[in-house]
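Novice: I am attaching a structure below and will ask some questions about it afterwards.
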Amino acid sequence: MRGVACFFRRSPARVGALAAVLAVLAPSNMAWTQDAREPVSAIRVEGSERIEPETVRSYMTFKAGATIGEADLDESLKRLFETGLFADVSVRREGDAVVVQIVENPIINRIAFEGNLRIDDEILRDEITLRPRVVYTRSRVQADLLRIIEIYRSSGRFAARVVPKVVQLPQNRVNLIFEIHEGSPTDVRRITFIGNTRFSDGELRDAIQTRESGFLSFFSGGDVYDPDRLAFDRELLRRKYLNAGYADFRVVSAVAELTPDQDAFFITFTVEEGQRYRFGKVGVTSGLRDLDVTRLAQVVGIDEGDPYSAADIDDATTALTEAAGRAGYAFIAVKPETMRDREQRRIDVSFRIEEGPRVFVERIDIRGNLRTEDRVIRREFRLVEGDAFNSDYIRLARRSLRNLGFFEEVEIKNVRGSAPDRTVIEVTARERATGEISFGGGYSTAVGAVADIVLRERNLLGKGQDARIRAQLAQREQQIELNFTEPYFLDRRLAAGFDVFSTARDYQEQSSFDQETVGFSLRTAYPLAQDLRQRWRYTLRQDDITSIPSNAARVIAEQEGAAVLSSVGHAVVYDTRDSRFSPREGILASIDHDVAGIGGQVRFLKTEVRGSLFMPITDSLTGSATLGSGYVFGLGEDIRILDRFFLGSDEVRGFALSGASPRDLATGDAVGGNWYYAGSFGVSFPLGLPNDAGIRGRTFVDYGSSGLTEGEDPGIVADAGIRASGGVGLTWASVLGPMNIDFAWPIRKEDHDETQLVRFSFGTRF
């Protein structure tokens with residue numbers, strides 16, 4: 001200080017220079033002063049409308065009376081913005097007070113969607129996060145906008161656009177409107193496979209769910225791009241190759257490329273097939289004493305040299321588990337161990353049976369079934385509380401529940417129970433609608449134009465019962481019937497039901513009479529084995545033969561009038577087909593007996609035997625062979641015409657309805673026979689059209705014959721010679737209904753037979 005004072009004293013000019021230096025340094029000195037921490041006497045909030053000032057103060061990092069600096073103001077500003085309540089915030093100091101200036105975000109009054117025709121408002125509301133009476137923020141609107149676009153993309157509409165619009169309302173409220181431009185579905189224009197030699201592109205396209213768009217894609221569906229479906233397609237391809245013996249197969253990539261105009265996808269699967277393997281040595285070993293593996297090996301069903309198939313290994317594992325369970329070993333684990341010989345292209349398989357953990361079922365919890373009763377679900381389980389846990393039984397229960405058709409999805413999982421050796425089975429079911437009303441129409445060469453209506457409930461009152469009412473009106477047939485089935489009668493694996501029916505049929509063209517029938521039947525069915533079922537039925541009906549012209553055959557004229565039939569029927573059915581509707585392999589065989597005469601006026605014994613064999617010839621060709629035969633004879637009386645066999649277009653194509661039956665030569669009336677046999681050999685093949693079109697061709701040879709025993713009217717010709725025909729046909733399994741058309745030419749026939757070149761049927765429901 002003494003030096004400074006000396007400076008001022010010695011040179012007045014130096015005083016001016018020092019003043020200039022201090023002026024330059026003044027801003028720096030002011031900044032130092034503002035950064036200094038100073039006390040705050042009050043916090044004033046300005047601009048608040050809906051939010052209380054005290055609420056704003058609660059987000060500040062300091063309170064009135066505190067000593068603060070610039071860092072405290074900055075941190076408070078940041079915290080206020082993070083609340084999402086404000087569109088704008090400023091914090092400043094005025095003297096010894098702090099002023100918080102706020103602009104509040106509006107509150108959402110209503111959320112609406114415009115332009116959404118394909119996706120309901122309810123679905124979109126459930127997916128977005130914004131709700132009425134929630135604070136509006138641009139970031140949340142943008143997030144919901146992206147979510148809506150994602151929903152449309154998952155449904156195959158990649159061209160969808162969403163524009164949010166805000167309508168200002170009084171009291172700082174807004175209506176939020178999402179204006180949606182859905183655009184066209186983004187189709188799959190082409191599916192290409194790279195690296196496949198074993199299967200053609202067409203065969204692989206048939207194996208996956210995604211379909212190419214094309215002229216017939218309207219009838220098949222699946223041609224809209226779905227990334228989840230594409231991921232599942234990779235697994236479907238892997239299964240197809242593994243089941244064909246390609247154990248080294250892998251999908252290298254599955255690429256979906258969007259066209260520049262965003263209206264279609266090009267999908268490319270790149271695969272590595274590897275070599276095809278066959279089964280080598282197949283054996284069963286056991287770590288359990290007293291378990292006869294020799295007998296268990298008989299259920300494996302795999303022989304050395306068979307083409308390798310992952311599905312065969314799964315089936316063998318299940319068969320061994322069930323066989324060991326029947327032998328009294330509940331706690332086992334079957335582990336297939338494979339050893340691959342790449343040089344010999346063989347895979348040895350050893351099924352190792354070991355003792356599994358001893359776990360018991362503590363309880364079965366069922367959730368999600370709002371309508372279906374618990375017992376309907378429980379009875380599909382082969383397990384009850386206290387039984388030994390068996391994973392294969394769980395798998396079978398899951399399949400059975402899905403096959404009921406009552407649920408959109410069924411999830412079964414087991415969780416730990418109250419003790420280490422206890423497990424709880426949790427069943428979660430999501431129900432679907434099981435009632436239906438449908439109107440139908442079509443045409444058949446047998447009965448002409450057809451119209452019908454069906455009312456059906458497959459899960460009546462949630463009890464799993466099936467009830468149906470059907471009324472049909474055709475040119476040559478009218479029918480009404482009521483059907484009811486209880487699948488678990490008396491809580492046993494015993495199906496029971498009844499049918500009530502009334503039918504009127506015009507047989508004037510074939511046999512010069514009309515038929516009117518009214519009656520009912522009682523029936524029951526139960527399994528004898530996995531693929532074997534036994535059925536019983538009782539039928540009571542009245543048949544009335546009317547409208548017989550004067551020039552009708554004598555054997556028909558004599559039967560005019562009504563007669564009551566009371567019969568008991570029995571059938572055994574063996575069915576191993578892989579599909580009920582379009583089988584590729586398997587056997588369907590049945591033997592059926594009917595005895596009439598337990599009361600009533602009609603007495604006969606009737607037996608029919610039928611069998612069908614389906615087998616794949618190649619990956620695209622399916623061969624089939626069918627054979628049926630029947631015999632009926634009267635018990636002390638002649639067989640009525642309604643109970644005879646009429647051979648015609650249904651059995652031997654190329655012949656008219658009843659066209660190959662015994663016939664009265666004088667009148668031309670078909671009178672039927674008391675025995676018949678008929679068979680067919682056929683091959684089904686693709687037509688080169690897209691596989692998803694559901695159109696296949698077929699070629700066939702049919703044969704059969706029908707006759708009468710001795711002692712019939714001498715005017716009736718009942719030539720027992722074989723009839724045969726050959727032809728081609730077309731099947732279209734469209735979503736509008738099945739269509740069948742056959743062109744057949746008789747190869748062997750009799751002069752009195754009636755032929756028919758075209759056999760056509762088409763039907764639909766809507």
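The values are calculated or read from the model by the stated rules, or taken from the named source; none is laboratory data. On a predicted model such as this, the values are computed, not experimentally measured, just so you know. Virtual Cβ from ideal backbone geometry, glycine too; neighbours counted across all protein chains shown. For the accessible areas, the whole protein counts, side chains as well, though only heavy atoms, and no ligand, DNA or RNA atoms are used. Shrake-Rupley method; radii C 1.70, N 1.55, O 1.52, S 1.80 Å.
Novice: Would the stretch 631-638 turn up any residue that is assigned to a strand (DSSP E or B), open to solvent by 30 Å² or more (accessible area, probe 1.4 Å), within 26 Å of E560 (Cα to Cα) and touching a Leu at 6+ places or on another chain (Cβ under 7 Å)?
Specialist: Yes.
Novice: Considering each residue of the stretch 81-115, count those that are touching a Phe, Trp or Tyr at 6+ places or on another chain (Cβ under 9 Å), open to solvent by 70 Å² or more (accessible area, probe 1.4 Å) and more than 22 Å from P170 (Cβ to Cβ), and give that number.
Specialist: Qualifying residue count for the region: 2.
Novice: Sticking with this one: Hey, can you tell me all the residues within the stretch 257-307 that are open to solvent by less than 60 Å² (accessible area, probe 1.4 Å) and in a helix (DSSP H, G or I)?
Specialist: Within the stretch 257-307, V293, L296, A297, V299 qualify.
Novice: Please list, ordered by first then second residue, the pairs with beta carbon atoms under 9 Å, 6 or more apart or interchain, first in the stretch 508-532 and under 30 Å from G668 (Cβ atoms), second of a type in the set (S, T, Y) and open to solvent by 60 Å² or more (accessible area, probe 1.4 Å).
Specialist: Q508/S547; S512/S547; F513/S547; D514/S547
Novice: Let me ask something else about it. When you go through (1) surrounded by fewer than 17 Cβ atoms within 10 Å (Cβ to Cβ); (2) in a strand (DSSP E or B) one by one for R493, which number turns out not to apply?
Specialist: (2)
Novice: Let me ask something else about it. I'd like the residue in the stretch 639-679 that is of a type in the set (S, T, Y) and open to solvent by 20 Å² or more (accessible area, probe 1.4 Å) and, out of all such residues, is nearest to D544 (Cα to Cα).
Specialist: Checking each candidate, the answer is T667.
Novice: Select from the stretch 187-206 the residues that are open to solvent by less than 20 Å² (accessible area, probe 1.4 Å) and in contact with a strand residue (DSSP E or B) (Cβ under 6 Å, 6 or more places away or on another chain) and write down the one among them that is nearest to L258 (Cα to Cα).
Specialist: V188
Novice: Sort out which residues of the stretch 178-190 are touching a Phe, Trp or Tyr at 6+ places or on another chain (Cβ under 9 Å) and modelled with pLDDT under 90, and write them in order of number.
Specialist: So in the stretch 178-190, the residues touching a Phe, Trp or Tyr at 6+ places or on another chain (Cβ under 9 Å) come out as 178-180, 182-183, 185-190.
If the condition is that a residue be touching a Phe, Trp or Tyr at 6+ places or on another chain (Cβ under 9 Å) and modelled with pLDDT under 90, then E182, G183, P185, T186, D187, V188, R189, R190 are the ones that fit.
Novice: Residues to consider are G726, G721; find the one that is among the small types (G, A, S), at pLDDT 80 or above and assigned to a loop (DSSP other than H, G, I, E, B).
Specialist: Just a single option satisfies the conditions, and that option is G721.
Novice: Okay, next question. Among the residues of the stretch 465-487, write down those that are touching a Gly at 6+ places or on another chain (Cβ under 7 Å), more than 16 Å from V454 (Cβ to Cβ) and open to solvent by less than 40 Å² (accessible area, probe 1.4 Å).
Specialist: E486
Novice: Still on this model: Can you list the strands (runs of 3 or more DSSP E) lying wholly within the stretch 77-166 that have 2 or more residues being at pLDDT 85 or above and basic (K, R)?
Specialist: 86-94
Novice: Another question about this same structure. Hey, does the stretch 571-587 have a residue that's part of a strand (DSSP E or B) and surrounded by fewer than 14 Cβ atoms within 10 Å (Cβ to Cβ)?
Specialist: Within the stretch 571-587 (the criterion being part of a strand (DSSP E or B) and surrounded by fewer than 14 Cβ atoms within 10 Å (Cβ to Cβ)), the answer is no, since none of the residues qualifies.
Novice: Out of all the residues in the stretch 343-380, which are free of Cβ contacts under 8 Å to residues at least 24 places away in the same chain and assigned to a loop (DSSP other than H, G, I, E, B)?
Specialist: E343
Novice: If a residue has to be part of a strand (DSSP E or B) and in contact (Cβ under 8 Å) with a residue 24 or more places away in the chain to count, how many in the stretch 411-432 make the cut?
Specialist: Initially, the stretch 411-432 is screened for residues part of a strand (DSSP E or B), giving 411-416, 422-431.
Okay, now just the ones that are also in contact (Cβ under 8 Å) with a residue 24 or more places away in the chain, so 414, 422-431.
Total satisfying the criteria: 11.
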